[in-house]
Amino acid sequence: MNIPDIQSPSVASSFDVQRIRASFPNLHREVHGNPLVYLDNAATAQKPQLVIDRLNRYYSRENSNVHRGVHTLSQEATDAYEGARERIRAFINASSNHEVIYTRGTTEAINLVASTFGRKHLSAGDEILISTMEHHSNIVPWQMLCEEKGATLRVIPISKAGEIEYDAFLSMLSERTKIVAICHISNTLGTINPLDRMIADAHRYGATVVVDGAQAVPHMRVDVQALDVDFYCFSSHKMFGPTGIGILYGKESLLEAMPPYQGGGDMIDTVSFEKTTYNTLPHKFEAGTPHIAGGIGLGAAVEYMESIGLETIAEYERDLLAYGTEQLRSIEGVRIIGTASQKASVLSFLIGDIHPYDTGTILDRLGIAVRTGHHCTQPLMDHWGLPGTARASLAFYNTREDIDALVAGIRKVKTFFE
Ligand code: 7TS
C-alpha cells in the first residue's frame, strides 16, 4: 500500500485528538487495571457525549410518538426525528428525504432490498454477484433470495492482497446479472473497493447495485449521487450513533416501484378489510413505531462527524493506518492479512501460528480491545484457509500511542509462546 511520509507535518499534528477523546467518556475507563485501548471500532464505535446527551434529552424532555399526535410533544418528537433524517440526507447527499429510509441497521437494510426489490425483480436463471470478502449480512439474504427464486449466486474472486479481481468481475457481468451486492470497505481486510468503476460497469448490463457501506460511512465522505449507486446501506452504531438504527438509501424511482417490506402502522395511507393503500416514501418502508431516539441520536452523531469534517477524519486515519501498518510490519512473525493498495481503518493480523483467540485474550488482559475470529466473513477465512485473524480497527479518536500499546501487547503475546 502507499505509505505516506509519516514524518511530514500532516493533519495529525493539527488535529486535536486529545480534545476529541475528551468527548468520549467510555474511552477513559480501565480494563483489568489498564487504561482502555479501544481498537474494535469496526464492530461498534464509542459514543460522544453529545450523542449520549441527545438521547437523554429526548427521553427526559421530548418523549412522545411520531407522525401521530397534534399535541406539542408529538410534534416536537416528529420535528426532531424528521430533522435528523434531513441531516442524514445531506450527509450522504441524497437528492430527497424520500430516499432515506430508517432501518435497524445495515443488516435490515440489505434484507429489505432482498425481500422487496429482489423478490419482485428476480426469476429463475438470473444471477446475483457478490464478492469473496463480503460480511455474512451481504451474503445470506442473497442466498435466501436465490434459493427462493432459482437464481444463482456468483462470487467475484479476490487477489492475495484482498482486492477485487477486476477482469474476473467484468467477465462475470452479463444480461443475466440482476444485482451486484458489494461492500464499500471490507470489515476484515480494510480494502476500499473501486465502486465508481464497478457501479458504472454493472449499470452497462442493467444490473442494480447494492452497496454495504457499514465500514465506509464512519471513515470517509460518501456521496450517493456522485457514486450513482442504487442502494446504499449503513449502521448508526459504527458511526458513533446509537445501536438499533441504520439507513437504507435508495434511488426514489426504485423505492417507488418496490412493494412494502412490513405491514403495520405508519406505512399505510388507508386501510379497509378489503384493501390497503400505502403511505408515501419514506414511510412506506417504516412500519410501526420506529426507533425515534435512535434516529435523533444518529442525527446528532452526523452533526458531530460533520463538525470535525469527513475529509479531516479520512486524512487523520490514513496517517494512523500507515503508522500502524509500518509498526506491525516491524514485528518479526507478524503477518498482515489484507494489503490492498486502497485501504482504510483495518489491521487484521496473525502472529506466527498463535491462535487469534489467544492473541485477543492476552491483549484484553492488557486493556487492549481487538476483535478475533472470522469477523462474520467465514467464507473469506475458508477461502484463505485461515482460522480467523486478530483485528485492530481504528477510529478518529485513536492515537499513535494506541498503536504503540498494541505493538507492545503483541510483543508480550509472543513471549507467552516462546
Ligand atoms: N456489513 C459490514 C461490512 C459489516 O462490517 C457489518 C458489521 C455489517 C454489515 C452488519 O452490520 P449490523 O450493524 O447490521 O450488524 N461488522 C461487524 C464487525 O466487523 N465486527 O462486528 C460486527
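The values are calculated or read from the model by the stated rules, or taken from the named source; none is laboratory data. The model shown is predicted, which means the values in this text are computed figures rather than measured ones. For neighbour counting, all protein chains shown are included, and Cβ atoms are generated from backbone atoms with ideal geometry for every residue, glycine included. In case anyone asks, the SASA skips ligands and DNA or RNA and just uses the protein heavy atoms, side chains included. Shrake-Rupley method; radii C 1.70, N 1.55, O 1.52, S 1.80 Å.
Only protein heavy atoms count here; under a 1.4 Å probe, LYS120 has an accessible surface of about 110 Å². The Rg/Rh ratio for segment 222-281 is 1.08, where Rg is the radius of gyration of the alpha carbons and Rh is the Kirkwood radius.
Which one of ARG68, ARG365, ARG87 has the biggest mean-square fluctuation once the chain is modelled by GNM with Cα springs under 10 Å? The residue that fluctuates most here is ARG68. When you count the other C-beta atoms within 10 angstrom of each residue and take the mean per peptide, 349-355, 236-242 line up highest first as 236-242, 349-355.
For VAL271 and THR312, the difference between the fully extended length at 0.36 nm per residue and the C-alpha to C-alpha distance is 9.8 nm. Rounded to the nearest 10 square angstrom, SER64 shows an accessible area of 20 square angstrom against a 1.4 Å probe. Taking each DSSP H run with n ≥ 4 as -39500 (n - 2.57) and averaging over every residue of the chain yields -11000 deg cm²/dmol at 222 nm. Largest GNM mean-square fluctuation across GLY244, GLY338, GLY69, computed for the chain with C-alpha springs under 10 Å, falls on GLY69.
Here segment 52-306 was treated as a single set of alpha-carbon atoms; its pair distances binned every 5 Å from 0 give 1, 6, 13, 17, 19, 16, 12, 8, 5, 3, 1, 0 percent.
Residue by residue, segment 56-68 carries 3J(HN,Hα) couplings of 4, 5, 4, 6, 8, 10, 10, 3, 5, 7, 9, 6, 10 Hz when phi is fed to the Karplus relation 6.51 cos²θ - 1.76 cosθ + 1.60 (θ = phi - 60°); x denotes Gly or Pro. Accessible surface ranking for THR277, THR103, THR372, 1.4 angstrom probe, highest first: THR277, THR372, THR103.
With the simple model of a label 7 Å out from the Cα in the direction of the Cβ, ARG204 to ALA168 spans 2.0 nm. The HN-Hα couplings worked out from phi for segment 341-354 by the Karplus form 6.51 cos²θ - 1.76 cosθ + 1.60 (θ = phi - 60°) are 5, 10, 9, 9, 6, 10, 10, 8, 8, 10, 10, x, 10, 6 Hz, whole numbers, x standing for Gly and Pro. Can you tell which of MET133, VAL224, PHE240 lies farthest toward the positive end of the dipole of segment 114-270, using +1 and -1 charges on the Cβ of basic and acidic side chains (Lys, Arg; Asp, Glu)? Of the candidates, MET133 comes out farthest on the positive side. Between THR177 and GLU127, the built amide H atoms are under 5 Å apart, and every one of these is 5 or more places off in sequence or on another chain.
Ranking of LYS178, LYS275, LYS160 by solvent-accessible surface, largest first: LYS160, LYS275, LYS178 (1.4 Å probe, protein heavy atoms only, all chains present). In this simple spin-label model, placing a label point 7 Å from the Cα along the Cα-to-Cβ direction at both GLU86 and GLU401 gives a separation of 4.1 nm.
Tell me, in nm to one decimal, what length is gained between GLU332 and ARG154 on full extension, where the rule is 0.36 nm per residue of separation less the Cα-Cα distance? Mind showing how you got there, number by number?
Numbers: separation 178, 0.36 × 178 = 64.08 nm, distance 3.81 nm.
So the extension gain works out to 60.3 nm.
Taking the Cβ-Cβ separation of ALA226 and PHE416 as r and a Förster radius of 51 Å, what is the calculated FRET efficiency to the nearest 0.05? Spell out each step's value before the answer.
Working: r = 49 Å, r/R0 = 0.95.
My answer for the efficiency is 0.55.
Cross-link pairs exceeding 27 Å between alpha carbons, from the set LYS47/LYS343; LYS149/LYS343; LYS120/LYS251: LYS149/LYS343. A cut-off of 5 Å between modelled amide H atoms, ignoring neighbours fewer than 5 places along the same chain, links ILE368 with VAL37.
Net charge dipole, segment 116-197: roughly 180 debye, given to the nearest 20, about the Cα centre with Cβ charges of +1 for Lys and Arg and -1 for Asp and Glu.
For segment 1-150, what class follows from the C-alpha gyration tensor (a ≥ b ≥ c being the square roots of its eigenvalues): rounded when a/c is under 1.5, otherwise prolate if a/b is larger than b/c, else oblate? Mind dumping the intermediate values first?
Numbers: a/c = 2.07, a/b = 1.18, b/c = 1.75.
Cα axes put segment 1-150 in the oblate bin.
Against the criterion of solvent-accessible heavy-atom surface with a 1.4 angstrom probe, GLU274, GLU134, GLU163 sort, most first, into GLU274, GLU163, GLU134. Taking packing as the residue-averaged number of other Cβ atoms within 10 angstrom, the listed peptides 30-42, 386-398 run from highest to lowest as 386-398, 30-42.
The 3J(HN,Hα) values that the Karplus relation (6.51, -1.76, 1.60; θ = phi - 60°) gives for segment 375-390 are, in residue order, 6, 6, 10, 4, x, 5, 5, 4, 4, 9, x, 9, x, x, 9, 8 Hz. Gly and Pro appear as x. Simple spin-label estimate for GLU256 and HIS121 gives 1.5 nm between the two label positions (7 Å along the Cα-to-Cβ direction from each Cα).
With the highest mean first, a sort of the peptides 149-157, 321-329 on other beta-carbon atoms found within 10 angstrom per residue produces 321-329, 149-157.
Under a model in which nothing but the beta-carbon of Lys, Arg (+1) and Asp, Glu (-1) is charged, the chain shows a dipole of about 540 debye around its Cα centre.
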